[in-house]
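Every number here is computed from the coordinates shown, using simple stated rules; none is lab data. All figures in this text were calculated on a predicted structure; none of them were measured in a lab.
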């Protein structure tokens, strides 16, 4: 009786197995992917704490348009410096308050948000320049078809240069000013 070591049967298993280098590379890739997910999740969690004034404005406009269509009556958007917030209201009262996180917009700060009416554009052309518009509005009104008049929002936080944003009648996305 003879003892055979290293038969063809053992060679077959050696060809199917993973090498140590392949296992280490896969573990390194898993660790890299996990760290990227954790870092992105951490920044996502931190972002919820502070929303920019422009993002709050966009959310308020979107909400006002949706509520006007849902309730089938006029909604209004205005800035209340006492509360340091953008307010969406209807005939039945305040629907939602969008607080601004920037302390310059609080009652003790020097920040201000103003709304101005601008002339309509033709087709999809940019709105005419209306930076010096004399048509200041207290409130922006949104109709039940989710439309409004074209308007400019001026955001002045009292520190940085004033930011001017143009909104068209049917969208919460800003449009370009024609210089």
(message) If each residue of separation counts as 0.36 nm, what is the full-extension length gain between residue 19 and residue 160 once their alpha-carbon separation is subtracted?
(response) 44.8 nm
(message) Could you tell me how many cubic angstrom of Cα convex hull volume the range 75-175 has per residue?
(response) 107 Å³
(message) Please compute the length gained on full extension between residue 40 and residue 55, using 0.36 nm multiplied by the number of residues separating them and subtracting their Cα-Cα distance.
(response) 3.4 nm
